[in-house]
1. How far is it, in nm, from the label point at Ala15 to the one at Asn98 when both lie 7 Å from their Cα along the line to the Cβ?
2. Take the eigenvalues of the Cα gyration tensor for the stretch 4-57, scale each by 5, and report the square roots as semi-axes in whole Å, largest first.
Amino acid sequence: KFPLELSQITMSLGARLDLTTSVPLVKKATPGKGSWYGFEADAKLFYEESDRFRFEIGGGIFVPGDAWEYVGSGYPELPKSGIYNREDDSYSPEIAWNVLANLYFMF
């Protein structure tokens, strides 16, 4: 049958924001015996052509909660090289971030 009818390509440009937080079921099971693991926000920009490819680039930031603070109670066994303060073996987490890029081919 002519002419051939090919599927129409749909192009889209967009953004996505993901927000995540969590709490432990048992406070004693965390290094800091705290009630909050922290908060993470991830943002992505993407471009997609249906049935061809998708490209996305993004970044994220993690703000740790009190569950990650270590106060020298003997639990858990964490690395010792330059992480703890030399005086009292305590550990206070810092903000972490990431950058990502993904390319997907569809066929």
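What follows is calculated from the coordinates using simple rules that are stated; it is not laboratory data. What you are looking at is a predicted structure, and each value in this text was computed from that prediction instead of being measured. Positions of Cβ are generated from backbone atoms using ideal geometry, with glycine treated the same way; all protein chains shown enter the neighbour counts.
1. With each label point 7 Å from Cα toward Cβ, the separation is 2.1 nm.
2. 43, 11, 7
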